[in-house]
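Everything below concerns the one structure shown next.
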Amino acid sequence: MNAPQPSLARRILRHKAVKPLLFALCLAPFASLFWRGWTNDLGPNPEQTVIWTTGLWALRLLLLTLAITPLRRLTGWAELARLRRMFGLFVFFYAALHFTAWLGLVNGFSVDMALRDIAKHPFVLAGMTALALMTPLALTSTNGMIKRLGAKRWQRLHRLVYGVGVLAVFHFWWGKLAKNNTASPTIYALILALLLGLRLWWAWRAAQTRRAQALREQAASDQGNSRSLA
């Protein structure tokens, strides 16, 4: 009997052109920003345009990265997993640009000015903490590091991404709140809540399944012991 043919979506995801195409799409916001800067088309406040654009795309790609596992589980498209690392590295890329733009364009690479900005706007600290947590994730994204750390330790380390998501949304929300504009942050917060909520639900279901299995095994063991005593 012939094996069932994969769906069109899975065939597309397996195509060798998918990753280069998605790489180009992920790089497009940076290319657009660079071109706008080159042509002096960043608007009346170029510094804020650069900072907001890089930060927004870091957050969008972070949520996309977090969506990979739920999409894979819900659709059965295992091919999605091979895209997660690339998206995650682009999150770090845009987050690092966001931080560099803030440090250089706003604070002139002055540590003293940066510390004063943090004291005045604590949400900046949330963003910096998110970037700090992302750094070990980016550094351990290679196959070699996975082997060195071991799969279990690597997976535990990369659960930091959930904290990164919470901090990133909080950073964005508070920053927009200071400008009396929370419409977009609310949408991103709801998306993050859904993605993390699905993970918590699956973890709870898995724990319930393990508990039920353990109870069945214990009952079978007790029954066997009772028969042997009889």
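Okay, here's what the table says:
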| read-out | value |
| --- | --- |
| Condition broken by R159, with the remaining ones in (1) among the basic types (K, R); (2) free of Cβ contacts under 8 Å to residues at least 12 places away in the same chain; (3) surrounded by 10 or more Cβ atoms within 10 Å (Cβ to Cβ); (4) farther than 16 Å from M134 by Cβ satisfied | (4) |
| Hey, L97 in contact (Cβ under 8 Å) with a residue 60 or more places away in the chain, buried (at least 17 other Cβ atoms within 10 Å of the Cβ) and within 30 Å of P6 (Cβ to Cβ) or not | no |
| Extreme residue, modelled with the lowest pLDDT, among residues of the range 1-59 that are surrounded by 14 or more Cβ atoms within 10 Å (Cβ to Cβ) and among the small types (G, A, S) | G55 |
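This table checks each residue for (1) among the β-branched types (V, I, T); (2) out of contact with any Gly (no Cβ under 7 Å at 6 or more places or on another chain); (3) more than 30 Å from L200 (Cβ to Cβ); (4) part of a helix (DSSP H, G or I).
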residue	(1), (2), (3), (4)
T53	yes, yes, yes, yes
I68	yes, yes, no, yes
R82	no, yes, no, yes
V91	yes, yes, no, yes
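The values are calculated or read from the model by the stated rules, or taken from the named source; none is laboratory data. These figures come from a predicted structure and were not determined experimentally. All Cβ positions, glycine included, derive from the backbone under ideal geometry; neighbour counts span all protein chains shown.
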